[in-house]
Amino acid sequence: PCAVIDPTGGFAYFGTHTSPGKIVRVRLSNFTIAGALNLGSDEYNLNAAVIDTASGFAYFGTETSPGKIVKVRLSDFSHAGTLTLLSGESLLRSAVIDYGGGFAYFGTQTSPGKIVKVRLSDFTRYGVLVLDSGENNPSSAVIDTGNGFAYFSVDTSPGKIVKVRLVDFMRLQVLTLNSGESFPHSAVFDAVNGFAYF
C-alpha cells in the first residue's frame, strides 16, 4: 500500500494492494472518499507512489513482473498512461521524486535491488542502477534534492542504507545498521535539520 498528498488541491490518494489495483481519492476538508480509480487487470498491488503537484500528476508503482508505473492526472482523476519497465525490473516497493530535476526513482524488490530512473517530462524509462550483491529489496527511500542525494533502505538483516548521487545516478556508499536493526520498511526526511529516519 502507498499514499501521496496534495495539500493545495485538498486531496490524498491511496493505492490499494488489490488485483486489479485501485486508487482511492480522499477529500481532506471533511475526510470523505471523493472517488476511486480502477486500474487495468495487469496493474495491481500498488506499493510505491510519488506526486508532482506542480505538473498535476501522481505516479503509482505496481508489484508486478515486470513492474509498471501508472500515471494519474489529478485535475480529473483519470488514468493518463502506463510505463512498463524491462524484464527483471520487478515488484516496485519504494519511490522518490526530484521535482527540480524532473525524475522519479523506483526501487525494485529484487536481489540485488535495482533503482529505475524515470523521466517525467515524456514519461520514459531513463536508466537503471543495480545495487551491490546483498543490497536486496529497496523497500523505503528518502530524497535530499538540496544536496543531490537519495537514500534507499534495503530489506536485509541488519538493514542497510544505500546512498545514491542523483547528478550521475551513481551508488556512492552503504551504511550498515546495528545488529537487530533489520528490514527497514519506512523512511522520512527532515530537510531543515539534515536527518533521515528509517
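The values are calculated or read from the model by the stated rules, or taken from the named source; none is laboratory data. Source: prediction; values computed, not measured. Just so you know, the surface numbers come from the protein's heavy atoms only, side chains and all, with ligands and any DNA or RNA stripped out. Shrake-Rupley method; radii C 1.70, N 1.55, O 1.52, S 1.80 Å.
The table below gives the values:
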| read-out | value |
| --- | --- |
| Option label - Rg and Dmax of the Cα atoms in Å computed here, alternatives (1) 18.5, 52; (2) 16.1, 48; (3) 16.3, 53 | (2) |
| Amide hydrogen neighbours beyond the local backbone of TYR126, cut-off 5 Å, H modeled | LYS117, VAL118, ARG119 |
| Under 5 Å, built H, 5+ apart or other chain: amide partners of LEU92 | THR62, GLU63, THR64, LYS68, GLN109 |
| Average accessible area per residue (Å²) across the chain - probe 1.4 Å, nucleic acids and ligands excluded | 46 |
| Surface share of carbon and sulfur [accessible, 1.4 angstrom probe, percent] for the chain | 52 |
| Hz values of 3J(HN,Hα) by residue in the stretch 187-198 - Karplus curve (6.51, -1.76, 1.60), Gly and Pro given as x | 7, 9, 10, 9, 5, 5, 9, x, 10, 10, 10, 10 |
| Three-way shape label, the stretch 88-198, alpha-carbon gyration tensor, a/c 1.5 | oblate |
| Tensor-based shape of the stretch 115-180 (alpha-carbon gyration tensor, a/c under 1.5 rounded, otherwise prolate or oblate) | prolate |
| Vicinal HN-Hα couplings computed from phi for the stretch 78-89 (Karplus, 6.51 cos²θ - 1.76 cosθ + 1.60; Hz; Gly/Pro x) | 10, 6, 10, x, 9, 10, 9, 7, 7, 4, x, 9 |
| Computed over the stretch 43-100, Cα set: Rg, Dmax in Å | 11.3, 33 |
